[in-house]
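Novice: To start, I am sharing the structure in question, which I have written as structure tokens.
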Amino acid sequence: MRTPALDVYLLDRSAGGIGEWRGPRIGWIVPKLGHGSVERNRLKRRLREIGRRRVLKRLREAECRADVLVRARRGGYRATYQELEAQWMSVVEVACSHR
């Protein structure tokens, strides 16, 4: 799914066959897109914190057996923490409600 700041990919692992299930995992890709290391690291820290505090918690609560990959888009560099969180959580809510 795509938001203005993020591309979010979910891999459904409920069917098995992709190794032993040990809980949801999150990965992120933050391309340079013309930005420096300070800006990239800030965006990575924000995504890591949102994933740790909100996304993993929600996936576990919903017993959603999925791995999540987030790729930052150009809009991610301009987005506030709250905007990133809202966009990512909206995708997670949709994914969890379909399972």
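The values are calculated or read from the model by the stated rules, or taken from the named source; none is laboratory data. Keep in mind that what you see is a predicted model, and the values were worked out from it rather than measured. Note that we place each Cβ from the backbone using ideal geometry, even for glycine, and neighbour counts take in every protein chain shown. Accessible surface is based on the protein model in full, side chains and every heavy atom, while ligands, DNA and RNA are left aside. Shrake-Rupley method; radii C 1.70, N 1.55, O 1.52, S 1.80 Å.
Novice: Let me spell it out: the conditions are (1) open to solvent by less than 10 Å² (accessible area, probe 1.4 Å); (2) in contact with a helix residue (DSSP H, G or I) (Cβ under 7 Å, 6 or more places away or on another chain), and residue 91 meets all of them except one. Which number is the exception?
Specialist: It fails just one condition, (2).
Novice: Over 11 Å from the mean Cα position of the chain (by Cα), closer than 23 Å to residue 93 by Cα, of a type outside the set (Gly, Ala, Ser) and modelled with pLDDT of 95 or more, is that true of residue 45? Don't jump to the end; show me each part of the working.
Specialist: Details: over 11 Å from the mean Cα position of the chain (by Cα): yes; closer than 23 Å to residue 93 by Cα: yes; of a type outside the set (Gly, Ala, Ser): yes; modelled with pLDDT of 95 or more: yes.
Taking the combined requirement at face value, the residue satisfies it.
Novice: I would also like to ask the following. Restricting attention to region 44-87, which residues are touching a Gly at 6+ places or on another chain (Cβ under 8 Å) and either charged (D, E, K, R) or surrounded by fewer than 16 Cβ atoms within 10 Å (Cβ to Cβ) (or both)?
Specialist: Residues satisfying the conditions are 60, 67, 69.
Novice: Now for a separate question. Just to be sure I understand, how many residues within region 26-48 are more than 19 Å from residue 2 (Cα to Cα) and touching a residue at least 24 places away in the same chain (Cβ under 8 Å)?
Specialist: Going through region 26-48 one residue at a time, the tally reaches 2.
Novice: Looking at 28, 21, can you tell me which residue is open to solvent by 50 Å² or more (accessible area, probe 1.4 Å) and under 17 Å from residue 89 (Cβ atoms)?
Specialist: Result of the check over 28, 21: 28.
Novice: Would you check if there is a residue in region 59-74 being free of Cβ contacts under 8 Å to residues at least 24 places away in the same chain and aliphatic (A, V, I, L, M)?
Specialist: No: region 59-74 contains no residue that is free of Cβ contacts under 8 Å to residues at least 24 places away in the same chain and aliphatic (A, V, I, L, M).
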